[in-house]
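Chemist: Once you've had a glance at the structure underneath, I'll fire off some questions.
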Amino acid sequence: MTVDHATTLAEARQRIAGAPDDDALRELEREYVDKSGLVGQLLAAIPSLEPAERGAAGRAANELKQAVVIALEDRRRALLTAALDAERKGDGFDPTLPPPSVERGSLHPITQATRRLTEIFHAMGYHVLDGPEVELDWYNFEALNISKDHPARDSQDTFYCDEEGKRVLRTHTSPVQIRALEHLEPPFRAVAPGKVFRQESTDASHEHTFHQMEGIVIGKDISVAHLISAMKTLLRGIFDRELEVRLRPGYFPFVEPGFELDARCPFCTEGCGVCKRTTWIELLPCGLVHPNVLKSGGLDPDVWSGFAFGLGLSRLVMLFRGIDDVRHLLGGDQRFLEQF
């Protein structure tokens, strides 16, 4: 196929310069630079040439293609500039008017709470860890002193991911305790926020997916006094003032002794809707790490000790934001989310 490249390029530039709109430019692009266009035909004809001629023919075809592409882009920019100029000269155009406002999003209330708490724990020297949401039964139950016949499993309402029951959607963030014990050199402090899943009927106070934050501190000679001090520091970081706390006995397989920690209601002195007229808020379960859990993580309970606690982030957000239905948090309703 014989083509005078200079003549062809001059003709193409003339036609491109006279193209009235983008549709005409697309038609010229198909005619010249597409695979079925002129350049495509030139490239397809190269194998039929003598070997000594193929290099020059390929370079000439590519140079023609690049020149046509540049001419097309230049014409597109010129057409766009002309359209803008025509719009600006039209009636009613005021260049001093502000542009349309861009609707901005916001952080989810759970994200806000998570970031606030992780900032506080960072300041207290804690690592912020993460763990898999599809967890091995070993980490979710066995290593946390919850054997296969343990009654605590009945209250977990677990989603199993395989027929053997070896993989589950984690029912709490406590498995990160074991992973921390395995991978961090004691002494250490760590928290792990994240989603957890339970197979239960949903209502205003129950949801199959919710958020927790697990905390663990490992060292030597750790006592309940260390636990209370850490929780008081946490509450002071949240409320910017000291709050009275109390411990009530509680049973959790992975701590011994176990407690329920309550804080004096920060919103009232004589009882309100938040504290259910008791002046106390049920805040979090906690306790000293069970020796069996330390053994599962590879630590000697005669040398190391620690405390652990669990914050219900979804419940915390509902409590402090005055939300009466947990399903709002994951419902995706913008009318609800825009309030935050």
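No lab work stands behind these numbers, since they all come straight from the coordinates. Computed from a predicted structure; not experimentally measured. Don't worry about glycine lacking a Cβ; one is built from the backbone with ideal geometry, like all the others, and counts go over all protein chains shown.
Chemist: Antiparallel versus total DSSP beta bridges in the chain: what percent is that, nearest 5?
Modeler: Close to 95 percent.
Chemist: Report, by chain and number, residues whose modeled amide H sits under 5 Å from the one on HIS290, excluding near sequence neighbours (fewer than 5 apart, same chain).
Modeler: So HIS290 has HN proximity to VAL255, GLU256.
Chemist: By how many nm would the segment from ARG77 to GLU244 lengthen if fully extended, with 0.36 nm per residue of separation less the alpha-carbon distance?
Modeler: 53.2 nm
Chemist: Something else about it: Quick one: what are the phi-derived ³J(HN,Hα) couplings along the range 27-35, Karplus 6.51/-1.76/1.60 with θ = phi - 60°, whole Hz, x for glycine and proline?
Modeler: Coupling constants for the range 27-35: 5, 5, 4, 5, 5, 9, 10, 5, 4 Hz.
Chemist: Strictly under 4.7 angstrom between C-beta atoms: which cysteines of the chain have no such partner?
Modeler: CYS161, CYS286, each lacking another Cys Cβ under 4.7 Å.
Chemist: Quick one: Karplus J couplings for the range 223-235, per residue in order, coefficients 6.51, -1.76, 1.60, θ = phi - 60°, nearest Hz, x for Gly and Pro?
Modeler: 10, 4, 4, 5, 4, 4, 4, 5, 5, 5, 5, 4, 5
Chemist: Against the 2.2 N^0.38 Å scaling, with N counting residues, where does the range 5-88 land? I'd like the Cα-based Rg ratio to two decimal places.
Modeler: 1.29
Chemist: At TRP138 and SER106, where each label point lies 7 Å from the Cα along Cα→Cβ, what is the point-to-point distance in nanometres?
Modeler: So the two model labels end up 4.5 nm from each other.
Chemist: Taking the radius of gyration and the Kirkwood hydrodynamic radius from Cα positions alone, what is the Rg/Rh ratio for the chain, to two decimal places?
Modeler: Rg/Rh: 1.30.
Chemist: Starting from the range 56-137, pick out the chymotrypsin sites (Phe, Trp or Tyr not before Pro) whose DSSP state is loop and whose Cβ has at most 11 other Cβ atoms within 10 Å.
Modeler: Here the chymotrypsin sites (Phe, Trp or Tyr not before Pro) that fit, given the DSSP loop and packing criteria, are PHE93.
Chemist: At most 16 other Cβ atoms within 10 Å and a DSSP loop assignment: could you name the GluC sites (Glu not before Pro) in the range 136-244 that fit?
Modeler: Here the GluC sites (Glu not before Pro) that fit, given the DSSP loop and packing criteria, are GLU163, GLU164, GLU200, GLU242, GLU244.
Chemist: Further question on the same structure: Do any trypsin sites (Lys or Arg not before Pro) in the range 177-232 lie in a DSSP loop with no more than 14 other beta carbon atoms within 10 Å, and if so, which?
Modeler: For trypsin sites (Lys or Arg not before Pro) across the range 177-232 that sit outside H, G, I, E and B with at most 14 neighbouring Cβ atoms in 10 Å, the list reads LYS220.
Chemist: Search the structure for amide H atoms under 5 Å from the amide H of TRP280, placed 1.01 Å from N in the peptide plane, and list their residues when 5 or more places away or on another chain.
Modeler: Those lying under 5 Å, H to H, from TRP280 are CYS265.
Chemist: Now for a different question. Take peptides 99-111, 14-26, 295-307 and line them up by average Cβ neighbours within 10 Å, highest first, as a rough protection proxy.
Modeler: Ranking, from highest mean packing down: 295-307, 14-26, 99-111.
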